[in-house]
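Below: one structure, written as structure tokens.
The values are calculated or read from the model by the stated rules, or taken from the named source; none is laboratory data. On a predicted model such as this, the values are computed, not experimentally measured, just so you know. Cβ: placed from backbone, ideal geometry, glycine included. Neighbour counts: every protein chain shown.
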Amino acid sequence: MSFKKIAAVAIILLVGGISAKVLIDTAPAPKKKTAEKIVPLVEVTPLDVGVYRASWQAGGNVNAKPSVKLMAQVTGQVISIHKQAAPGAMLKKGDVLGQVDDSNYRLIVAQKKAALVQAQSNLAVEMGQVKNAENNYKLSGLQLNATAKSLALRDPQLAASKAALDIAKADLAKAQLDLERTQLRMPFDGHVMSMNLTQGSFVSAGTQVFELVDSAEFWLQVKVPQSFVSVLDTGHSVEIKKSQQWGEQSREGTIKHILPAVDASDRQVRVLIAIKEPLSDAHQGLKIRYNDYVNVTLYGRQFDNVYQLSNDALNADNQLWVVDNKNTLQLRDVSIVYKGRYHVWANVDAQLGDQILATRLQIASQDMAVRVAAQANAAADEASL
């Protein structure tokens with residue numbers, strides 16, 4: 001390569017380098033970008049104080065009161081049975097279920113009546129003899145000791161006659177009672193569950209003839225946690241539903257007792273509920289039958305001036321995140337009155353304008369600024385007008 005060509009290339013490179021340096025030195029310096037602060041968008045729910053009542057839902061099978069095994073109280077042959085005295089029949093108190101042959105019992109009553117008349121007559125005769133003895137004693141002028149005087153006045157004979165009359169009355173009452181017992185009667189309004197006799201069968205005293213249940217009231221046992229028992233309002237009615245058959249309709253029951261023992265399997269407490277007139281037509285056709293499964297809502301006592309919160313609203317320290325009137329996060333102290341299955345009823349150290357933080361944030365800190373979704377949406381709608 002000639003000297004001229006080499007010199008030309010060198011000059012070109014030198015000029016290019018000088019131009020590049022000038023461009024770099026005179027170029028404007030890049031501006032540093034300020035990091036944009038991100039304010040999270042959150043949902044809130046109202047924090048309102050009010051009057052609330054805790055409740056507990058449970059369920060169970062309806063049972064009758066302990067069934068009654070009706071026993072024959074006399075011995076004899078069954079000569080008739082009530083035409084409706086069959087399993088499932090509804091009968092009234094006093095209805096005759098069956099009749100035991102009463103022929104012998106009527107004869108016994110007649111005998112006891114005659115014995116009573118005889119005892120009354122004997123007493124009348126003895127009282128006449130006592131009167132004569134008293135007159136004779138006065139005429140004799142004798143002064144006897146107490147024992148001798150009692151014998152002279154026939155006190156023992158009079159006492160024996162009176163005792164014989166009392167025995168005759170008792171025997172007649174027993175005979176009449178046995179005669180009444182030849183009629184097997186319903187002891188209460190109820191249903192026949194089973195029948196263990198037929199016409200012509202022979203029964204003895206103590207023979208089971210019917211099994212009956214009282215249909216004026218059915219019972220139901222449900223289980224509730226021990227924590228709910230402490231707030232249970234035993235005077236409040238119980239709501240009873242059969243959802244599949246009744247829809248939203250319901251009937252009422254009453255709490256009879258809280259059983260003293262806990263269930264061995266889950267340590268819960270059983271509550272005994274009474275259902276009046278379960279089969280009556282007076283409850284809009286909402287009948288409850290023996291062994292029905294029903295859903296029950298029991299109510300706790302009333303809480304005044306407390307806040308109702310969802311269980312997941314509190315943190316591990318039983319504190320509540322709220323958004324204050326400056327749209328910043330704040331922790332409020334909570335004093336729990338009762339914690340249920342889904343809600344907590346509590347006293348909260350709330351301030352005017354507080355709303356419950358309903359959005360779960362990965363990071364939350366005291367005084368952290370947030371944007372409330374409802375406010376942001378309202379502002380966006382206003383800007384679009």
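Considering only the stretch 167-190, I want to know if a residue exists there that is polar (S, T, N, Q), under 30 Å from Leu70 (Cβ atoms) and either part of a helix (DSSP H, G or I) or not assigned by TED's automatic domain parsing to the domain that holds Val125 (or both). It would help to see each step written out before you state the result.
Step one: list which residues in the stretch 167-190 are polar (S, T, N, Q), which gives 176, 182-183.
Pick out the ones that are also under 30 Å from Leu70 (Cβ atoms) and you get 176, 182-183.
Pick out the ones that are also either part of a helix (DSSP H, G or I) or not assigned by TED's automatic domain parsing to the domain that holds Val125 (or both) and you get 176.
Within the stretch 167-190 (the criterion being polar (S, T, N, Q), under 30 Å from Leu70 (Cβ atoms) and either part of a helix (DSSP H, G or I) or not assigned by TED's automatic domain parsing to the domain that holds Val125 (or both)), the answer is yes, since at least one residue qualifies.
Of the residues Phe228, Phe210, which single one is of a type in the set (Phe, Trp, Tyr) and over 30 Å from Thr297 (Cα atoms)?
Values: Phe228 fails: over 30 Å from Thr297 (Cα atoms).
Selected residue: Phe210, the only one of Phe228, Phe210 that is of a type in the set (Phe, Trp, Tyr) and over 30 Å from Thr297 (Cα atoms).
Looking at Ile363 and the list (1) in contact with a strand residue (DSSP E or B) (Cβ under 6 Å, 6 or more places away or on another chain); (2) of a type in the set (Val, Ile, Thr); (3) assigned to a loop (DSSP other than H, G, I, E, B), which single condition is not satisfied?
The one condition Ile363 does not meet is (1).
Could you tell me whether the stretch 177-189 includes any residue that is farther than 30 Å from Thr297 by Cβ, without any contact (Cβ under 8 Å) to a residue 60 or more places away in the chain and buried (at least 16 other Cβ atoms within 10 Å of the Cβ)?
No - not one qualifying residue is present in the stretch 177-189.
Quick one: which residue in Leu116, Leu139, Leu151, Leu123 is in contact with a helix residue (DSSP H, G or I) (Cβ under 6 Å, 6 or more places away or on another chain), part of a helix (DSSP H, G or I) and more than 23 Å from Leu177 (Cα to Cα)? If you could, list the steps in order and put the result at the bottom.
Details: Leu116 fails: more than 23 Å from Leu177 (Cα to Cα); Leu139 fails: in contact with a helix residue (DSSP H, G or I) (Cβ under 6 Å, 6 or more places away or on another chain); Leu151 fails: in contact with a helix residue (DSSP H, G or I) (Cβ under 6 Å, 6 or more places away or on another chain).
After ruling out the rest, the residue left standing is Leu123.
Look through Tyr137, Tyr105 and report the one residue that is surrounded by 13 or more Cβ atoms within 10 Å (Cβ to Cβ) and touching a residue at least 24 places away in the same chain (Cβ under 8 Å). Please lay out each step first, then the result.
Numbers: Tyr137 fails: touching a residue at least 24 places away in the same chain (Cβ under 8 Å).
Only one candidate qualifies: Tyr105.
Quick check on Leu279: is it of a type outside the set (Lys, Arg), more than 29 Å from Tyr52 (Cβ to Cβ) and in contact (Cβ under 8 Å) with a residue 12 or more places away in the chain? Give the derivation first.
Values: of a type outside the set (Lys, Arg): yes; more than 29 Å from Tyr52 (Cβ to Cβ): yes; in contact (Cβ under 8 Å) with a residue 12 or more places away in the chain: yes.
Yes.
Which condition does Phe210 not pass, out of (1) touching a residue at least 40 places away in the same chain (Cβ under 8 Å); (2) under 30 Å from Ala85 (Cα atoms); (3) assigned to a helix (DSSP H, G or I), if it passes all the others?
Unmet condition: (3).
Mind checking which residues of the stretch 262-273 are closer than 20 Å to Val231 by Cβ and either more than 10 Å from the chain's Cα centre (by Cα) or basic (Lys, Arg) (or both)? Break it down into steps so the answer makes sense when it comes.
Keep residues of the stretch 262-273 that are closer than 20 Å to Val231 by Cβ, which gives 262-263, 266-273.
Residues satisfying the conditions are Val262, Asp263, Asp266, Arg267, Gln268, Val269, Arg270.
Where in the stretch 245-334 are the strands (runs of 3 or more DSSP E), entirely inside, with at least 1 residues that are surrounded by 14 or more Cβ atoms within 10 Å (Cβ to Cβ), in the same structural domain as Gln226 (by TED's automatic domain parsing) and of a type in the set (Val, Ile, Thr)?
Numbers: elements: 251-262, 269-276, 293-310, 319-323.
Strands (runs of 3 or more DSSP E) meeting the threshold: 251-262, 269-276, 293-310.
Go over the candidates Val222, Val203, Val231, Val238 one by one and state the one that is crowded, with 16+ Cβ neighbours inside 10 Å, β-branched (Val, Ile, Thr) and in the same structural domain as Gly76 (by TED's automatic domain parsing).
Details: Val222 fails: in the same structural domain as Gly76 (by TED's automatic domain parsing); Val231 fails: in the same structural domain as Gly76 (by TED's automatic domain parsing); Val238 fails: in the same structural domain as Gly76 (by TED's automatic domain parsing).
Among Val222, Val203, Val231, Val238, only Val203 is crowded, with 16+ Cβ neighbours inside 10 Å, β-branched (Val, Ile, Thr) and in the same structural domain as Gly76 (by TED's automatic domain parsing).
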